[in-house]
Structures are given as structure tokens and as C-alpha cells.
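Encoded as C-alpha cells, the structure appears first; notes follow it.
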Amino acid sequence: MSRRVHIGFFEDERDLLAAAKEFRARDIAIVEAYSPYPIHGIDEVLRIKPSRLPWVTLAAGTAGLAIGLYFQYWASHTNWPIDVGGRPFDSLPAFIVIAFEMTILFAGLATAAALCMRCGLWPGKKVSRAFATTTDSEMALVVAEDDARFEAGTHAEILRASGAVSTTEEVYE
């Protein structure tokens with residue numbers, strides 16, 4: 001199924017936010033917003049849900065802590081018990097440093113892996129930039145024409161009225 005989209009290019013983030021709010025008020029689907037830097041408040045307007053990445057970090061950090069503590073306990077108490085100066089075999093204060101390092105290692109590696117998987121950043125993947133100027137100076141708002149009740153020029157008029165420098169129309173297959 002083909003999808004017709006209208007793209008408005010903006011030079012000011014306030015104009016992009018105003019256009020996005022106008023489209024949300026009219027219940028028109030916004031596909032994406034491209035910007036060379038993060039725009040404060042765009043996630044609320046685009047209704048982007050909060051990331052679940054911190055939960056991945058917490059789970060992996062907890063697993064790293066458990067594995068680090070268990071391995072040290074197993075190594076010093078079960079596998080190779082050595083009596084050094086009368087200290088107990090399962091001395092928790094001696095395990096804190098390694099357990100902390102394992103927590104950081106597991107949390108960091110799992111977070112990086114989950115981020116790459118979520119963003120689709122596979123090694124060797126060919127990446128195409130959405131629009132040539134959106135990484136330099138301009139911002140783009142892509143809106144979909146999904147509903148038949150809107151006229152053909154309505155989207156472009158809203159984009160221009162909101163401060164778009166230029167607009168284009170594309171059809172995606």
C-alpha cells in the first residue's frame with residue numbers, strides 16, 4: 001500500500017513545534033520529525049513513549065551483581081577455600097569491589113547492545129540520511145495523508161502557515 005506524505009522544512013524549532021501541535025489538534029498523523037539537535041517538548045507532541053532502556057540497564061546490572069557475588073563466593077568458599085589470616089571464606093566486604101565492577105560491566109554492555117538492537121544499528125548496515133539538510137541546519141516534519149477527508153493541499157497549507165520554508169510531497173510504496 002502506498003502512503004502519501006508531506007514534508008515541511010523549518011529553520012526554527014518553535015515553528016516546527018507549532019506545526020506539530022497544529023497537526024495533532026486536527027488529528028492528522030505525524031510520521032516523524034527530523035532535527036540536527038534534540039528539540040525540547042517534541043516527544044510530548046509526537047506522543048513518543050518513554051524509553052524502556054533503563055529497565056534493561058537495571059536488569060543487566062542486577063544480573064551482573066548476582067553473578068559477581070555468586071562467582072566470588074563459589075571460588076573462595078567452595079572451589080578453593082584458603083585460610084588467610086583467619087578471615088572467613090565468605091567475607092562480603094572483600095567481594096564488594098568485584099561485584100561493583102561486574103554490575104557496571106553487565107549494565108553497560110547490555111545497554112549498548114539493547115540500544116543498537118532497538119535503533120537497528122547493525123554492523124555493516126547501509127544507512128541513508130532522510131534529508132540532506134536536516135543534519136546541518138534545517139528541521140523537517142513529515143505528516144501522512146492517511147485520511148480521505150482532507151483535501152490535497154491542506155497539509156502543505158498548514159505547513160506553510162506554521163512557518164515552513166519549503167514543502168514537498170512524496171509517495172512511499
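How many residues are within 14 Å of the chain's Cα centre (by Cα) and either open to solvent by 60 Å² or more (accessible area, probe 1.4 Å) or over 17 Å from Ile158 (Cα atoms) (or both) if we restrict to the range 19-34? Matching residues across the range 19-34 total 2. Consider the range 77-99 and keep the residues that are part of a helix (DSSP H, G or I) and aliphatic (A, V, I, L, M). The one that is nearest to Gly61 (Cα to Cα) is Ala99.
Residue by residue through the range 41-68, note down the ones that are in a helix (DSSP H, G or I) and not hydrophobic (A, V, I, L, M, F, W, C). Let's see the steps before the verdict.
Initial filter on the range 41-68 (in a helix (DSSP H, G or I)): 42-45, 53-68.
Matches in the range 41-68: Asp43, Glu44, Pro54, Thr57, Gly61, Thr62, Gly64, Gly68.
With respect to the stated conditions, Phe150 fails to be on the phi < 0 side of the Ramachandran plot, touching a strand residue (DSSP E or B) at 6+ places or on another chain (Cβ under 8 Å), modelled with pLDDT under 75 and surrounded by 12 or more Cβ atoms within 10 Å (Cβ to Cβ). For the range 36-57, filtered to residues that are open to solvent by less than 100 Å² (accessible area, probe 1.4 Å) and of a type in the set (A, V, I, L, M, F, W, C), the residue that is farthest from Phe9 (Cα to Cα) is Val56.
Residues in the range 106-128 that are closer than 24 Å to Pro50 by Cα and either charged (D, E, K, R) or open to solvent by less than 90 Å² (accessible area, probe 1.4 Å) (or both): 13 in all.
The values are calculated or read from the model by the stated rules, or taken from the named source; none is laboratory data. Not measured: the values here are computed from a predicted model. Reconstructed Cβ throughout: ideal geometry from the backbone, glycine too, with neighbour counts over all protein chains shown. Heavy atoms of the whole protein, side chains included, go into the accessibility calculation; ligands, DNA and RNA do not. Shrake-Rupley method; radii C 1.70, N 1.55, O 1.52, S 1.80 Å.
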